[in-house]
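I have placed the structure first, in the form of structure tokens, so that the comments after it can refer back to it.
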Amino acid sequence: MRKLIESTFMTLDGTISAPEKWGVRYFDEEYNDYARELLFDADALLLGRTTYQGFASVWPDMEAIEGEYAVRMNSLPKYVASRTLTNADTTWNATVINGDVAKEVARLKELPGRSILKFGTGELDRTLLEHQLVDEYHLWLFPTIAGSGVRLLDGMDITHLKLARTTTFTSGVIVLVYSPR
């Protein structure tokens, strides 16, 4: 059975929006090594529509800059949860999940293969959490206070998780890895 791994950036005050404004200065060698390991251990990506569209507008042109990481990002199959996109709207090696997202993600997890890596945080997370489909949460805690913005899983019911491990970078970024209880 494949694991579904959530990878999310957040500030000390829980902000997840606009990481390009507060996170980029921390993208160093340790960050790159950890991100690379997550990506190369996966054989598929799960994305919501907004994340998919943002990534698809940037990553296809990043191979000259990001090298092997971008090649991997571009080549992996992507599953996109959306009520509005159709397969005709996707050009970046993607398949749209229509209908019952929880049922389809559960089916994908049953297929043979490596982990499924999920980027982005939003409405899709609520569905995945409700149906207990996430096996690991990699919460990248950046030593930054945003002061405003979209908060991580704002409005969710109380959910208890178990700390599996932590990784601390010299930059001050800490990756907290949690699993369901």
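For the reader, a short list of remarks on this structure follows.
- Using just its DSSP H runs of length 4 or more, each adding -39500 (n - 2.57), the chain gives a mean residue ellipticity at 222 nm of -8000 deg cm²/dmol after division by all residues.
- Positive-end residue of Q132, S171, T159, charge dipole of the stretch 74-181 with Cβ unit charges: S171
- Listed candidates [x] -0.24, -0.30, -0.79, -0.92; [y] -0.28, -0.35, -0.80, -0.90; [z] -0.35, -0.44, -0.84, -0.91 - label of the one calculated as log10 I(q)/I(0) by the Debye sum over Cα atoms at q = 0.08, 0.09, 0.14, 0.15 Å⁻¹: [x]
- Full extension of the segment from K3 to N32, taken as 0.36 nm per residue of separation minus the current Cα-Cα distance, would add 8.3 nm.
- Projecting the Cα atoms of L47, T86, V71 onto the charge dipole of the stretch 37-93, computed from C-beta unit charges around the Cα centre, puts T86 farthest toward the positive end.
- Among residues other than Y69 with Cβ under 12 Å from its Cβ, the summed charge is -3 (Lys and Arg +1, Asp and Glu -1).
- Relative counts (whole %) of C-alpha pair distances in the stretch 112-162, using bins that are 10 Å wide: 17, 51, 27, 4, 0
- DSSP beta bridges in the chain [antiparallel fraction, %, rounded to 5]: 35
- Solvent exposure of the stretch 140-181, expressed per residue, is 64 Å² of accessible area, with all protein chains present and a 1.4 angstrom probe.
- Magnitude of the charge dipole, the stretch 20-69, Cβ model with Lys/Arg +1 and Asp/Glu -1, debye to 20: 420
- As a fraction of the 1.4 Å probe accessible area of the chain, surface on carbon and sulfur atoms comes out at 51 percent.
- Measuring nothing but how far apart in sequence close Cα pairs (under 8 Å, 6+ apart) lie, relative to its length, the stretch 32-181 scores a relative contact order of 22 percent.
- Per-pair calculated FRET efficiency, R0 = 25 Å: R114 and E63 via Cβ, rounded to 0.05: 0.70
- Its Cα centre serving as origin, the chain has a Cβ charge dipole (Lys and Arg +1, Asp and Glu -1) of approximately 460 debye.
- Per DSSP, loop trypsin sites (Lys or Arg not before Pro) in the stretch 88-165 with at most 16 further Cβ within 10 Å: R114
The values are calculated or read from the model by the stated rules, or taken from the named source; none is laboratory data. No experiment lies behind these values; they were computed from the predicted model shown. Methodologically, a virtual Cβ is constructed for each residue, glycine included, from the backbone with ideal geometry; neighbour enumeration extends over all protein chains shown. These accessible areas exclude ligands, DNA and RNA; they are computed on the full protein's heavy atoms, side chains included. Shrake-Rupley method; radii C 1.70, N 1.55, O 1.52, S 1.80 Å.
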